[in-house]
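Notes follow the structure.
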Amino acid sequence: MAYINDNYSKLQASYLFSDIAKRVAAFTEANPGKEVIKMGIGDVTEPLPAVCRQAFHDAIDEMGTRDGFHGYGPEQGYAFLRETIAQNEFSARGCDIQANEIFVSDGSKCDCGNIQEIFSEQSKVAIPDPVYPVYVDTNVMAGRTGQNSDGRYDGLVYLESTTENGYIPSPPSEKVDMIYLCFPNNPTGTCATREQLQAWVDYAKDCGAIILFDAAYESFIRDPEIPHSIYELDGARECAIEFRSFSKNAGFTGTRCAYTVIPEGLTALDGNNESVSLHQLWNRRHTTKFNGVSYPVQKAAAAVYTEEGKAEVKALTNFYMENAALILKTMKELGFACAGGTNAPYVWIKTDAPSWEFFDRLLNESAIVCTPGAGFGTCGENHFRLSAFNSRQNVELAMERIRKAFA
Ligand SMILES: *Cc1c(COP(=O)(O)O)cnc(C)c1O
């Protein structure tokens, strides 16, 4: 008789996006002809940079020749991509990260989700609230939590992001083993300062924890004082793994390319209290379960680091940040307390109303779709997220409608 992994039975169905879709469908049916503007989008909207498309095309043509054909590549990624990432993302910022410490993959979602596999089932896990759901759910699946009650799993340490702490949680008083952090944050759009991140690194080193740092939105940072990588902090090589992606900076959400950084020398303990290299463990896992990102996609990703690519990515992220500035300015002028929007493509907005009530009001009065904060966790209640991933026209129209409704 086959039995299921019963941990899956603990998972809470995520009704967030299906609930949103249902309410939008009901509104559209009741209001035919009224154009709904979606301001809740977590996907990029602008096309792939030209230099990436060209590199993609060229690599496909190369694949059509006997000499240029590429079969299985190295599971960890081609040297040409790992070297340019090491140079441009890390050496250029003074981070001591080498090409062989970079594992190329087909997405950060998978990497953030899979990384927990190399840690003990007994690990105590700290996770922000509100949060990108992948960190929580993958640990539930792996059996590191108890049951869910009132939206929270037994056994997890929730790092609350609230108005009081400016949506940047401090290290907890208790000891944990694994810590998920995401800066710039999805959904709050906030960034930890150098001092705040250093406190996390110091805490992790102190209790022997590993920080799992999701930096998928680092290319939206505009404040020169804010670290782009956890490896800009002293001691991070001894306690942190970092996740990066080409999804949000270069629009690769549908093209798929990302990478994970695990410093050589980063260790955790085995059952005999002996130090084991996490780099080697992940290498073992990656080469066993993953067979590499396609050659044309890696070529397209490497093109991000050409002079032309850098300019195109800058223009793309600037475009979204101009959207974010428009959203932030409007909401502030209307008297809403806002976070994010200056170093991240999300604006996190406080409301007195329960977040689903606010969602309905915005939809019914202004035909605008936001993301209710409660969908990201208990601490998301009384908040909503507006996304800068949109056309300028949509953002302008949406802000005009919101001004009318809330003036
Ligand atoms: C979009 C996003 C990613 C990137 O995921 P990919 O699988 O690389 O597309 C990672 N983390 C967060 C928090 C995100 O919002």
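The values are calculated or read from the model by the stated rules, or taken from the named source; none is laboratory data. If you're wondering where the values come from, they're calculated on a predicted model, not measured in any experiment. Because the Cβ atoms are built from the backbone with ideal geometry, glycine has one as well, and the counts that use them run over all protein chains shown.
With the structure loaded, tell me whether A199 is farther than 18 Å from I118 by Cα, part of a loop (DSSP other than H, G, I, E, B) and not polar (S, T, N, Q) or whether it fails that test. So A199 does not fit the description; no.
Within region 325-349, can you find the residues that are more than 30 Å from K314 (Cα to Cα) and in contact with a Gly (Cβ under 9 Å, 6 or more places away or on another chain)? Of everything in region 325-349, nothing turns out to be more than 30 Å from K314 (Cα to Cα) and in contact with a Gly (Cβ under 9 Å, 6 or more places away or on another chain).
Identify, from the list A344, A301, the residue that is assigned by TED's automatic domain parsing to the domain that holds D137, under 20 Å from the mean Cα position of the chain (by Cα) and under 28 Å from A86 (Cα atoms). Going through A344, A301 in turn, the sole match is A301.
Check region 37-46 and report whether any residue there is β-branched (V, I, T), touching a strand residue (DSSP E or B) at 6+ places or on another chain (Cβ under 8 Å) and at pLDDT 95 or above. Yes: region 37-46 contains one or more residues that are β-branched (V, I, T), touching a strand residue (DSSP E or B) at 6+ places or on another chain (Cβ under 8 Å) and at pLDDT 95 or above. Residue count for region 8-22, restricted to those that are crowded, with 16+ Cβ neighbours inside 10 Å and at pLDDT 95 or above: 1. The residues of region 227-279 that are assigned to a strand (DSSP E or B) and under 20 Å from the mean Cα position of the chain (by Cα), listed by number, are A240, I241, E242, F243, R244, S245, A258, Y259, T260, V261.
Look at F358 and say whether it is touching a Ser or Thr at 6+ places or on another chain (Cβ under 7 Å) and not in a helix (DSSP H, G or I). Walk me through how you get there before you give the answer.
Numbers: touching a Ser or Thr at 6+ places or on another chain (Cβ under 7 Å): yes; not in a helix (DSSP H, G or I): no.
Judged against the criteria, F358 is not a match.
On inspection, V51 fails the criterion of being in contact (Cβ under 8 Å) with a residue 12 or more places away in the chain, more than 22 Å from Y259 (Cβ to Cβ) and either of a type in the set (A, V, I, L, M, F, W, C) or surrounded by 16 or more Cβ atoms within 10 Å (Cβ to Cβ) (or both). Residue under question is T260, and the condition is that it be more than 10 Å from the ligand (Cβ to nearest atom), among the polar types (S, T, N, Q) and buried (at least 24 other Cβ atoms within 10 Å of the Cβ); does it hold? In short, yes.
Which is at pLDDT 95 or above and in a loop (DSSP other than H, G, I, E, B), of T330, T342? Spell out how you get there, then give the answer.
Working: T330 fails: in a loop (DSSP other than H, G, I, E, B).
Checking each option against the conditions leaves just T342.
The one condition from (1) within 30 Å of H57 (Cβ to Cβ); (2) buried (at least 20 other Cβ atoms within 10 Å of the Cβ); (3) out of contact with any strand residue (DSSP E or B) (no Cβ under 8 Å at 6 or more places or on another chain) that A344 does not meet is (1).
Residues that are farther than 30 Å from F17 by Cβ and within 16 Å of the ligand (Cβ to nearest atom) within region 39-90 comprise G77, L81, I85, E89, listed in sequence order. Before we move on, is G373 at pLDDT 95 or above, touching a strand residue (DSSP E or B) at 6+ places or on another chain (Cβ under 8 Å) and of a type in the set (G, A, S)? Yes, satisfied.
Tallying residues that are more than 18 Å from I20 (Cβ to Cβ) and either of a type in the set (A, V, I, L, M, F, W, C) or part of a helix (DSSP H, G or I) (or both) within region 389-400 yields 7. Name the residue that is nearest to P345 (Cα to Cα), counting only residues in region 233-255 that are within 10 Å of the ligand (Cβ to nearest atom) and touching a Cys at 6+ places or on another chain (Cβ under 9 Å). Ranking the qualifying residues of region 233-255, first place goes to S247.
Restricting to region 204-226, and then to whatever is outside any helix (DSSP H, G or I) and aromatic (F, W, Y), can you tell me which residue is nearest to the ligand (Cβ to nearest atom)?
First, the residues of region 204-226 that are outside any helix (DSSP H, G or I): 208-217, 221-226.
Then keep just the ones that are aromatic (F, W, Y); that gives 213, 217.
Values: F213: 11, Y217: 7 Å.
Out of the qualifying residues, it is Y217.
Entry remark, region 18-55: residues being under 25 Å from T255 (Cα atoms), assigned to a helix (DSSP H, G or I) and touching a helix residue (DSSP H, G or I) at 6+ places or on another chain (Cβ under 8 Å) number 6 in total. Within region 256-281, residues that are within 19 Å of C207 (Cβ to Cβ) reach partners that are more than 16 Å from the ligand (Cβ to nearest atom) and of a type in the set (D, E) with beta carbons closer than 6 Å, at six or more positions or on different chains, in the pairs P263/E101; V276/D270.
Evaluate the following for S229: is it surrounded by fewer than 23 Cβ atoms within 10 Å (Cβ to Cβ), of a type in the set (S, T, Y), in the same structural domain as L159 (by TED's automatic domain parsing) and in contact with a Ser or Thr (Cβ under 8 Å, 6 or more places away or on another chain)? Considered against the rule, which asks whether it is surrounded by fewer than 23 Cβ atoms within 10 Å (Cβ to Cβ), of a type in the set (S, T, Y), in the same structural domain as L159 (by TED's automatic domain parsing) and in contact with a Ser or Thr (Cβ under 8 Å, 6 or more places away or on another chain), S229 comes out as no.
Annotation: G143 fulfils all but one of (1) in contact with a helix residue (DSSP H, G or I) (Cβ under 6 Å, 6 or more places away or on another chain); (2) buried (at least 19 other Cβ atoms within 10 Å of the Cβ); the unmet one is (2).
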